[in-house]
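The values are calculated or read from the model by the stated rules, or taken from the named source; none is laboratory data. All values reported here derive from a predicted model rather than from experimental measurement. A quick note on method: Cβ atoms are made from the backbone with ideal geometry, for glycine too, and the neighbour counts reach across all protein chains shown. Remember, those area values only see protein heavy atoms, side chains included, never the ligands or the DNA or RNA. Shrake-Rupley method; radii C 1.70, N 1.55, O 1.52, S 1.80 Å.
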Amino acid sequence: MNVRRTAAGLAALALVASACGGDTTDSTTVDEPTTGATDDATGGTTDDATDDATDDADGQATACGPDSPDLFQQGQLTVATGEPVFPPWMMDDDPASGEGFESAVVYALAEELGFAEDQVSWVRTGFDEAIGPGEKDYDFNIQQYSITEEREQVVDFSVPYYEVDKSLVALSDSPAASATSLDELQDVRFGAVVGTTDLAYIEDVIGVDDVAVYDDQAGLFQALQGGQIDATVFGLPGALFVTAVQVEDSVIAGILPGEPMDDGLGLLFEEGSPLVPCVDEALESLRADGTLDALAEEWLAGGGDIPTISE
């Protein structure tokens, strides 16, 4: 199987902090806590509608920008990712480099929201712990989280920033390497990282029960390299790097059939985060102007002629 590594090199991002409109001339009036009381007293329906419209406009402008009171750190966009991170999603285990697809998406999104480059702060989290319920010490988390109904019961997601094909990664001397259908994979020794949709795909779509489960990708790669398992399932962009660099003698055996349980990759938020609507709007703007497609082409394209595995 001939696979090639994705292209490297990230176009410089001109991050310009947009000026936020201030209400300096009316600050005394704005600070007056009597507006609601007055409206209530007069029953001013027109005033209510005007106030609501103004609030909506102001809220949209500031909800996700540096002045937002909903940020984890005032004036900073705090973004979580994995420990470590891997190409082609982020390069050299350095999310702040702007290199790699997900790092580049974050800085493009930050610019769209009005943040300068130095207003983006990074923290690290485990993959599985971030999916759990409860407060988060960041604004959102990005590390190839597939959007699923089960996860959305305890966290919130943005709209998808990328849709990923699942692929079969196998050792070149494994029977899995020449499989052409899911039926031919029933006796393959599979492994996957706990809590991932890759594991769910192996169990629920391929139909294998005794999957070896690992805490992280490093453990999975060691098991595959050591021959403890024959194959695993990976998103295609990650599989390109795994087979080219991380696991010797591994190949992409094929693109797997569609995955109904997965709605694409989304940014993960604390449940109920008020930042989700304006981040969604910014992502849709980046999609509409072609930025997301251009970044995907730059960092995730490649793969050559890979066969398709049938159901």
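Quick check on this structure: which one of PHE269, PHE221 is surrounded by 14 or more Cβ atoms within 10 Å (Cβ to Cβ), assigned to a helix (DSSP H, G or I) and of a type outside the set (A, V, I, L, M)?
Going through PHE269, PHE221 in turn, the sole match is PHE221.
Are any residues in the range 98-148 free of Cβ contacts under 8 Å to residues at least 60 places away in the same chain and open to solvent by 40 Å² or more (accessible area, probe 1.4 Å), and if so, which ones?
ASP118, TRP122, VAL123, ARG124, GLU129
Search the range 176-204 for residues being without any contact (Cβ under 8 Å) to a residue 40 or more places away in the chain and part of a loop (DSSP other than H, G, I, E, B), and hand back the single one that is farthest from the chain's Cα centre (by Cα).
Within the range 176-204, the match that is farthest from the chain's Cα centre (by Cα) is ASP187.
Can you name the residue in the range 205-218 that is among the aliphatic types (A, V, I, L, M) and either open to solvent by 30 Å² or more (accessible area, probe 1.4 Å) or assigned to a strand (DSSP E or B) (or both) and is also nearest to SER146 (Cα to Cα) among such residues?
My answer is VAL205.
Charged (D, E, K, R) and crowded, with 18+ Cβ neighbours inside 10 Å, is that true of ASP173?
Against the criterion (charged (D, E, K, R) and crowded, with 18+ Cβ neighbours inside 10 Å), ASP173 does not qualify.
Return yes when PHE127 is at pLDDT below 95, within 15 Å of the chain's Cα centre (by Cα) and hydrophobic (A, V, I, L, M, F, W, C) and no when it is not.
So PHE127 passes the test.
Open to solvent by less than 30 Å² (accessible area, probe 1.4 Å), modelled with pLDDT under 95 and farther than 14 Å from ALA170 by Cα: which single residue out of LEU300, LEU286, LEU292 fits that description?
Matching residue, one of LEU300, LEU286, LEU292: LEU300.
Is one or more of the residues making up the range 227-240 part of a loop (DSSP other than H, G, I, E, B) and touching a residue at least 60 places away in the same chain (Cβ under 8 Å)?
Yes, the conditions are met somewhere in the range 227-240.
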